[in-house]
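Shown next, in C-alpha coordinates, is the structure this report addresses.
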Amino acid sequence: MTPQLVQNIQHRREVMRALLFIICLGGISFFTINIFREVYFLAFLELAYSIYAIALLRIISKTDNFQRWVIAFLIPLYTLILYALYLPETSKSMFVWILAFPIVSYLLLGKTAGFLVSILSLVTALVIYHVKFLTIGESVNIAESLNVIFSSALMISFAHVYEKNRESNEVRLLELAGTDSLTGVPNRLKLYENYRQWQEKHCGKQSTMSVVLIDLDHFKTINDQYGHSAGDEALRHVAGFIQKQLPQDALLARIGGEEFTLQLTSEIDQSCDFVDKLRRELKETSLMHEGKVITITFSAGIAIYGEDGTSLDALLACADKRLYIAKRQGRNQVCCKRNHAESTLNKELC
(Lines give C-alpha, C1' and ligand atoms only; values in the text may rest on other atoms or scores of the structure.)
Protein backbone atom coordinates (compact mmCIF):
# COMPACT_ATOMS: atom_id res chain seq x y z
CA MET A 1 0.00 0.00 0.00
CA THR A 2 1.29 3.44 -0.90
CA PRO A 3 2.01 5.49 2.26
CA GLN A 4 -0.24 8.46 2.95
CA LEU A 5 1.10 11.91 2.22
CA VAL A 6 0.08 13.54 5.49
CA GLN A 7 1.76 15.51 8.21
CA ASN A 8 3.64 13.28 10.59
CA ILE A 9 2.46 13.47 14.23
CA GLN A 10 4.91 10.88 15.52
CA HIS A 11 7.03 13.59 17.13
CA ARG A 12 3.93 14.76 19.03
CA ARG A 13 3.29 11.24 20.28
CA GLU A 14 6.87 11.13 21.60
CA VAL A 15 6.45 14.50 23.35
CA MET A 16 3.15 13.33 24.84
CA ARG A 17 4.74 10.09 26.04
CA ALA A 18 7.55 12.02 27.78
CA LEU A 19 5.02 14.39 29.35
CA LEU A 20 2.93 11.51 30.66
CA PHE A 21 5.96 9.90 32.33
CA ILE A 22 6.86 13.20 34.03
CA ILE A 23 3.26 13.75 35.15
CA CYS A 24 3.14 10.23 36.60
CA LEU A 25 6.31 10.73 38.62
CA GLY A 26 5.48 14.31 39.57
CA GLY A 27 1.91 13.49 40.53
CA ILE A 28 2.93 10.65 42.84
CA SER A 29 5.68 12.81 44.40
CA PHE A 30 3.38 15.76 45.05
CA PHE A 31 0.66 13.41 46.29
CA THR A 32 3.05 12.17 48.96
CA ILE A 33 4.18 15.68 49.89
CA ASN A 34 0.64 17.06 50.09
CA ILE A 35 -0.52 14.13 52.21
CA PHE A 36 2.12 15.11 54.81
CA ARG A 37 1.08 18.76 54.44
CA GLU A 38 -2.53 17.66 54.98
CA VAL A 39 -3.66 19.23 51.70
CA TYR A 40 -5.78 16.17 51.01
CA PHE A 41 -8.03 17.38 48.21
CA LEU A 42 -5.12 18.51 46.04
CA ALA A 43 -3.17 15.36 46.92
CA PHE A 44 -5.89 13.03 45.69
CA LEU A 45 -6.42 15.14 42.55
CA GLU A 46 -2.72 14.69 41.77
CA LEU A 47 -2.93 10.95 42.41
CA ALA A 48 -5.99 10.65 40.17
CA TYR A 49 -4.23 12.54 37.42
CA SER A 50 -1.19 10.28 37.70
CA ILE A 51 -3.46 7.26 37.18
CA TYR A 52 -5.08 9.04 34.21
CA ALA A 53 -1.62 9.65 32.71
CA ILE A 54 -0.69 5.97 33.09
CA ALA A 55 -3.89 4.95 31.29
CA LEU A 56 -3.15 7.37 28.45
CA LEU A 57 0.30 5.89 27.83
CA ARG A 58 -1.30 2.97 25.97
CA ILE A 59 -3.93 5.05 24.22
CA ILE A 60 -1.78 7.79 22.66
CA SER A 61 0.50 5.30 20.88
CA LYS A 62 -2.34 3.85 18.78
CA THR A 63 -5.28 6.26 18.71
CA ASP A 64 -6.32 8.00 15.49
CA ASN A 65 -7.88 10.77 17.60
CA PHE A 66 -4.56 11.89 19.03
CA GLN A 67 -5.41 15.63 19.02
CA ARG A 68 -8.61 15.07 21.00
CA TRP A 69 -6.78 13.07 23.65
CA VAL A 70 -4.13 15.78 23.92
CA ILE A 71 -6.81 18.40 24.58
CA ALA A 72 -8.59 16.06 27.00
CA PHE A 73 -5.32 15.76 28.92
CA LEU A 74 -3.89 19.29 28.76
CA ILE A 75 -6.96 21.30 29.73
CA PRO A 76 -7.55 19.42 33.03
CA LEU A 77 -3.76 19.38 33.65
CA TYR A 78 -3.47 23.16 33.29
CA THR A 79 -6.59 23.61 35.39
CA LEU A 80 -5.08 21.44 38.13
CA ILE A 81 -1.80 23.38 38.07
CA LEU A 82 -3.61 26.74 38.17
CA TYR A 83 -5.73 25.52 41.07
CA ALA A 84 -2.58 24.46 42.92
CA LEU A 85 -1.06 27.90 42.24
CA TYR A 86 -4.13 29.57 43.72
CA LEU A 87 -4.01 27.70 47.03
CA PRO A 88 -2.68 29.76 49.99
CA GLU A 89 -0.05 27.12 50.80
CA THR A 90 1.60 27.45 47.37
CA SER A 91 5.06 29.01 47.24
CA LYS A 92 6.53 31.16 44.47
CA SER A 93 8.65 28.26 43.23
CA MET A 94 5.47 26.53 42.06
CA PHE A 95 5.09 29.21 39.39
CA VAL A 96 8.06 27.90 37.40
CA TRP A 97 5.53 25.43 35.93
CA ILE A 98 3.81 28.19 33.97
CA LEU A 99 6.94 28.60 31.81
CA ALA A 100 6.34 25.07 30.50
CA PHE A 101 2.81 25.94 29.27
CA PRO A 102 3.88 27.47 25.91
CA ILE A 103 6.43 24.76 25.09
CA VAL A 104 4.09 21.88 25.86
CA SER A 105 1.11 23.56 24.15
CA TYR A 106 2.94 24.29 20.89
CA LEU A 107 4.68 20.92 20.70
CA LEU A 108 1.45 18.99 21.25
CA LEU A 109 -1.21 21.20 19.65
CA GLY A 110 0.58 23.00 16.84
CA LYS A 111 0.83 26.68 16.01
CA THR A 112 -2.78 27.88 16.19
CA ALA A 113 -4.24 25.81 19.03
CA GLY A 114 -0.94 26.01 20.89
CA PHE A 115 -1.01 29.80 20.78
CA LEU A 116 -4.59 30.03 22.07
CA VAL A 117 -4.05 27.58 24.93
CA SER A 118 -0.72 29.20 25.86
CA ILE A 119 -2.17 32.71 26.01
CA LEU A 120 -5.20 31.64 28.03
CA SER A 121 -3.22 29.59 30.55
CA LEU A 122 -0.39 32.14 30.92
CA VAL A 123 -2.72 35.10 31.43
CA THR A 124 -4.64 33.16 34.08
CA ALA A 125 -1.40 32.13 35.82
CA LEU A 126 -0.03 35.69 35.78
CA VAL A 127 -3.24 37.04 37.27
CA ILE A 128 -3.02 34.45 40.07
CA TYR A 129 0.65 35.32 40.63
CA HIS A 130 -0.01 39.05 40.92
CA VAL A 131 -2.99 38.60 43.19
CA LYS A 132 -1.05 36.29 45.55
CA PHE A 133 2.41 37.80 45.71
CA LEU A 134 2.68 41.32 44.34
CA THR A 135 1.62 44.55 45.95
CA ILE A 136 1.11 47.46 43.55
CA GLY A 137 3.36 50.46 44.15
CA GLU A 138 6.47 48.72 45.44
CA SER A 139 9.38 48.98 43.01
CA VAL A 140 10.80 45.60 43.96
CA ASN A 141 7.45 44.00 43.23
CA ILE A 142 7.23 45.79 39.89
CA ALA A 143 10.61 44.30 38.98
CA GLU A 144 9.37 40.85 39.99
CA SER A 145 6.23 41.38 37.96
CA LEU A 146 8.20 42.38 34.86
CA ASN A 147 10.50 39.37 35.28
CA VAL A 148 7.55 37.00 35.29
CA ILE A 149 5.78 38.74 32.39
CA PHE A 150 8.81 39.03 30.11
CA SER A 151 10.07 35.51 30.82
CA SER A 152 6.61 34.19 29.93
CA ALA A 153 6.50 36.33 26.76
CA LEU A 154 9.96 35.06 25.82
CA MET A 155 8.94 31.43 26.17
CA ILE A 156 5.76 31.85 24.12
CA SER A 157 7.64 33.80 21.41
CA PHE A 158 10.35 31.15 21.06
CA ALA A 159 7.77 28.35 21.03
CA HIS A 160 5.69 30.15 18.38
CA VAL A 161 8.66 30.83 16.08
CA TYR A 162 9.90 27.25 16.41
CA GLU A 163 6.51 25.68 15.67
CA LYS A 164 5.79 28.08 12.79
CA ASN A 165 9.08 27.22 11.09
CA ARG A 166 8.69 23.51 11.80
CA GLU A 167 5.20 23.41 10.27
CA SER A 168 6.33 25.44 7.23
CA ASN A 169 9.26 23.11 6.65
CA GLU A 170 7.04 20.05 7.00
CA VAL A 171 4.51 21.42 4.51
CA ARG A 172 7.35 22.15 2.08
CA LEU A 173 8.75 18.63 2.50
CA LEU A 174 5.30 17.15 1.88
CA GLU A 175 5.01 19.20 -1.31
CA LEU A 176 8.41 17.98 -2.49
CA ALA A 177 7.58 14.39 -1.59
CA GLY A 178 4.40 14.56 -3.67
CA THR A 179 5.92 16.28 -6.73
CA ASP A 180 7.68 14.80 -9.74
CA SER A 181 11.06 16.54 -9.92
CA LEU A 182 11.26 16.55 -13.74
CA THR A 183 7.82 17.81 -14.74
CA GLY A 184 6.69 19.58 -11.58
CA VAL A 185 3.34 17.75 -11.54
CA PRO A 186 2.19 15.43 -8.72
CA ASN A 187 3.78 11.99 -8.52
CA ARG A 188 2.41 8.55 -7.64
CA LEU A 189 2.44 9.29 -3.90
CA LYS A 190 0.31 12.40 -4.37
CA LEU A 191 -1.98 10.51 -6.75
CA TYR A 192 -2.80 7.92 -4.10
CA GLU A 193 -3.25 10.56 -1.42
CA ASN A 194 -5.58 12.59 -3.61
CA TYR A 195 -7.64 9.50 -4.38
CA ARG A 196 -7.85 8.59 -0.69
CA GLN A 197 -9.10 12.08 0.16
CA TRP A 198 -11.67 11.93 -2.63
CA GLN A 199 -12.97 8.58 -1.38
CA GLU A 200 -13.28 9.86 2.19
CA LYS A 201 -15.11 12.97 1.03
CA HIS A 202 -17.57 11.06 -1.19
CA CYS A 203 -18.00 7.97 0.99
CA GLY A 204 -21.60 6.74 0.68
CA LYS A 205 -22.47 9.30 -1.99
CA GLN A 206 -23.30 8.88 -5.68
CA SER A 207 -20.15 10.32 -7.21
CA THR A 208 -18.34 9.99 -10.50
CA MET A 209 -14.64 9.44 -11.01
CA SER A 210 -12.68 8.43 -14.08
CA VAL A 211 -9.07 7.29 -13.93
CA VAL A 212 -7.13 7.82 -17.13
CA LEU A 213 -3.81 6.17 -17.93
CA ILE A 214 -1.82 8.01 -20.61
CA ASP A 215 1.28 6.67 -22.35
CA LEU A 216 3.29 8.71 -24.88
CA ASP A 217 3.56 6.99 -28.26
CA HIS A 218 7.02 5.99 -29.52
CA PHE A 219 8.73 7.81 -26.68
CA LYS A 220 11.86 5.66 -27.02
CA THR A 221 12.16 6.87 -30.60
CA ILE A 222 12.23 10.49 -29.39
CA ASN A 223 15.07 9.62 -26.99
CA ASP A 224 16.99 7.68 -29.63
CA GLN A 225 16.53 10.20 -32.43
CA TYR A 226 16.86 13.51 -30.55
CA GLY A 227 18.62 12.57 -27.31
CA HIS A 228 17.51 12.20 -23.71
CA SER A 229 17.37 15.96 -23.21
CA ALA A 230 14.65 16.02 -25.89
CA GLY A 231 12.85 13.22 -24.06
CA ASP A 232 12.91 15.20 -20.83
CA GLU A 233 11.69 18.29 -22.66
CA ALA A 234 8.90 16.24 -24.24
CA LEU A 235 7.72 15.07 -20.82
CA ARG A 236 7.71 18.64 -19.52
CA HIS A 237 5.92 19.80 -22.65
CA VAL A 238 3.15 17.21 -22.29
CA ALA A 239 2.76 17.83 -18.55
CA GLY A 240 2.52 21.59 -19.04
CA PHE A 241 0.08 21.24 -21.95
CA ILE A 242 -2.29 18.95 -20.04
CA GLN A 243 -2.06 21.00 -16.84
CA LYS A 244 -3.32 24.08 -18.69
CA GLN A 245 -6.38 22.18 -19.96
CA LEU A 246 -7.38 20.52 -16.68
CA PRO A 247 -10.85 21.25 -15.31
CA GLN A 248 -11.37 22.10 -11.65
CA ASP A 249 -10.96 19.16 -9.21
CA ALA A 250 -8.97 17.16 -11.77
CA LEU A 251 -5.47 15.89 -11.07
CA LEU A 252 -2.59 15.07 -13.38
CA ALA A 253 0.24 12.90 -12.06
CA ARG A 254 3.33 11.36 -13.59
CA ILE A 255 3.62 7.78 -12.34
CA GLY A 256 6.84 6.78 -14.08
CA GLY A 257 8.66 6.92 -17.40
CA GLU A 258 6.38 8.33 -20.09
CA GLU A 259 3.18 7.41 -18.22
CA PHE A 260 0.76 9.95 -16.78
CA THR A 261 -2.50 9.50 -14.91
CA LEU A 262 -5.55 11.74 -14.78
CA GLN A 263 -8.23 11.73 -12.12
CA LEU A 264 -11.39 13.30 -13.54
CA THR A 265 -14.62 13.87 -11.62
CA SER A 266 -16.82 14.11 -14.72
CA GLU A 267 -19.22 11.59 -16.27
CA ILE A 268 -17.65 8.91 -18.46
CA ASP A 269 -18.80 10.43 -21.76
CA GLN A 270 -17.41 13.83 -20.76
CA SER A 271 -14.15 12.23 -19.63
CA CYS A 272 -13.76 10.33 -22.92
CA ASP A 273 -14.44 13.47 -24.94
CA PHE A 274 -12.06 15.54 -22.83
CA VAL A 275 -9.18 13.06 -23.12
CA ASP A 276 -9.75 12.65 -26.86
CA LYS A 277 -9.70 16.45 -27.23
CA LEU A 278 -6.36 16.50 -25.39
CA ARG A 279 -5.05 13.81 -27.75
CA ARG A 280 -6.02 15.74 -30.87
CA GLU A 281 -4.78 19.12 -29.62
CA LEU A 282 -1.48 17.74 -28.33
CA LYS A 283 -0.69 16.38 -31.78
CA GLU A 284 -1.23 19.87 -33.19
CA THR A 285 0.94 21.46 -30.49
CA SER A 286 4.39 20.38 -31.61
CA LEU A 287 7.50 20.69 -29.47
CA MET A 288 10.39 22.79 -30.77
CA HIS A 289 13.71 21.35 -29.64
CA GLU A 290 16.99 22.79 -30.90
CA GLY A 291 15.31 24.00 -34.07
CA LYS A 292 13.59 20.68 -34.74
CA VAL A 293 9.84 20.05 -34.67
CA ILE A 294 8.80 17.03 -32.60
CA THR A 295 5.23 15.80 -32.90
CA ILE A 296 3.98 14.01 -29.80
CA THR A 297 0.93 11.77 -29.52
CA PHE A 298 -0.39 9.54 -26.78
CA SER A 299 -2.60 6.54 -26.23
CA ALA A 300 -4.95 6.37 -23.28
CA GLY A 301 -7.22 3.98 -21.40
CA ILE A 302 -10.05 5.10 -19.11
CA ALA A 303 -11.59 3.24 -16.15
CA ILE A 304 -14.81 4.17 -14.35
CA TYR A 305 -15.10 4.31 -10.56
CA GLY A 306 -17.59 1.76 -9.28
CA GLU A 307 -18.14 -0.11 -12.52
CA ASP A 308 -14.47 -1.01 -13.01
CA GLY A 309 -13.47 -1.07 -9.33
CA THR A 310 -13.34 1.09 -6.23
CA SER A 311 -9.65 0.95 -5.34
CA LEU A 312 -7.13 3.01 -7.25
CA ASP A 313 -5.06 -0.09 -7.98
CA ALA A 314 -8.08 -1.80 -9.57
CA LEU A 315 -8.91 1.26 -11.65
CA LEU A 316 -5.32 1.67 -12.82
CA ALA A 317 -5.19 -2.01 -13.80
CA CYS A 318 -8.40 -1.64 -15.82
CA ALA A 319 -7.21 1.58 -17.44
CA ASP A 320 -3.93 -0.15 -18.30
CA LYS A 321 -5.78 -2.95 -20.14
CA ARG A 322 -7.70 -0.39 -22.19
CA LEU A 323 -4.51 1.56 -22.84
CA TYR A 324 -2.97 -1.49 -24.50
CA ILE A 325 -6.11 -2.02 -26.55
CA ALA A 326 -5.55 1.50 -27.91
CA LYS A 327 -1.90 0.72 -28.61
CA ARG A 328 -2.69 -2.57 -30.35
CA GLN A 329 -5.16 -0.78 -32.60
CA GLY A 330 -2.57 1.65 -33.87
CA ARG A 331 -1.74 4.12 -31.04
CA ASN A 332 -2.82 7.77 -30.89
CA GLN A 333 -6.19 6.58 -29.57
CA VAL A 334 -8.35 6.68 -26.45
CA CYS A 335 -10.02 3.48 -25.30
CA CYS A 336 -12.98 3.87 -22.95
CA LYS A 337 -16.23 2.15 -22.09
CA ARG A 338 -19.48 3.64 -23.38
CA ASN A 339 -22.88 1.99 -23.16
CA HIS A 340 -21.27 -1.12 -21.61
CA ALA A 341 -19.01 -1.61 -24.64
CA GLU A 342 -15.35 -0.71 -25.04
CA SER A 343 -14.62 1.68 -27.89
CA THR A 344 -11.63 3.62 -29.17
CA LEU A 345 -11.68 7.25 -30.17
CA ASN A 346 -9.51 8.56 -32.98
CA LYS A 347 -11.27 10.95 -35.28
CA GLU A 348 -8.50 10.69 -37.86
CA LEU A 349 -8.80 6.92 -38.16
CA CYS A 350 -12.58 6.55 -37.77
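Brief remarks follow.
- Summed residue charge, Cβ within 15 Å of Asn34's Cβ, Lys/Arg positive, Asp/Glu negative: -2
- Label zone at Tyr83, where the point sits 7 Å out along the Cα-to-Cβ direction: region 14-39 residues whose backbone N lies under 19 Å: 23-39
- Ligands, DNA and RNA excluded, the heavy atoms of Ile81 present near 20 Å² of accessible surface to a 1.4 Å solvent probe.
- His130 contributes about 60 Å² of solvent-accessible surface, heavy atoms of the protein only, 1.4 Å probe.
- Ranking of Tyr324, Tyr83 by solvent-accessible surface, largest first: Tyr324, Tyr83 (1.4 Å probe, protein heavy atoms only, all chains present).
- Of the residues Gln206, Gln225, Gln333, the one that moves most in a GNM of the chain with alpha-carbon contacts below 10 Å is Gln206.
- For Gly110, net neighbour charge (Lys/Arg +1, Asp/Glu -1) across residues whose Cβ lies under 11 Å away: +1
- Solvent accessible area, Å² - Asp313, 1.4 Å probe, full protein context: 90
- Accessible carbon and sulfur surface of the chain relative to its total accessible area, %, 1.4 Å: 60
- Per-residue Karplus couplings for region 33-38, computed as 6.51 cos²θ - 1.76 cosθ + 1.60 with θ equal to phi - 60°, are listed in order as 5, 6, 5, 5, 7, 6 Hz, Gly and Pro entered as x.
- Met288, Met155, Met209, ranked by accessible area, largest first (probe 1.4 Å): Met288, Met155, Met209
- Label-point separation, Ile9 to Cys203 (7 Å along Cα→Cβ), nm: 1.5
- Probing with 1.4 Å while keeping every protein chain in the model, the per residue accessible area of the chain equals 54 Å².
- Net length gained if the chain between Val131 and Lys62 were fully extended (0.36 nm per residue, minus Cα distance): 20.6 nm
- Total formal charge among the other residues, if their Cβ is under 14 angstrom from that of Phe219, Lys/Arg +1 and Asp/Glu -1: -2
- Theoretical ellipticity at 222 nm over the chain - DSSP helices of four or more residues, -39500 (n - 2.57) apiece, nearest 500: -21500 deg cm²/dmol
- Efficiency of FRET between Ile28 and Glu175 - r from beta-carbon atoms, R0 51 angstrom, step 0.05: 0.65
- Against the criterion of solvent-accessible heavy-atom surface with a 1.4 angstrom probe, Lys283, Lys220, Lys292 sort, most first, into Lys220, Lys292, Lys283.
The values are calculated or read from the model by the stated rules, or taken from the named source; none is laboratory data. Computed from a predicted model, the values in this text were never measured in an experiment. FYI the Cβ positions are ideal-geometry reconstructions off the backbone, even for glycines, and counts take in every protein chain you see. Only protein heavy atoms, including side chains, enter the accessible area calculation; ligands, DNA and RNA are left aside. Shrake-Rupley method; radii C 1.70, N 1.55, O 1.52, S 1.80 Å.
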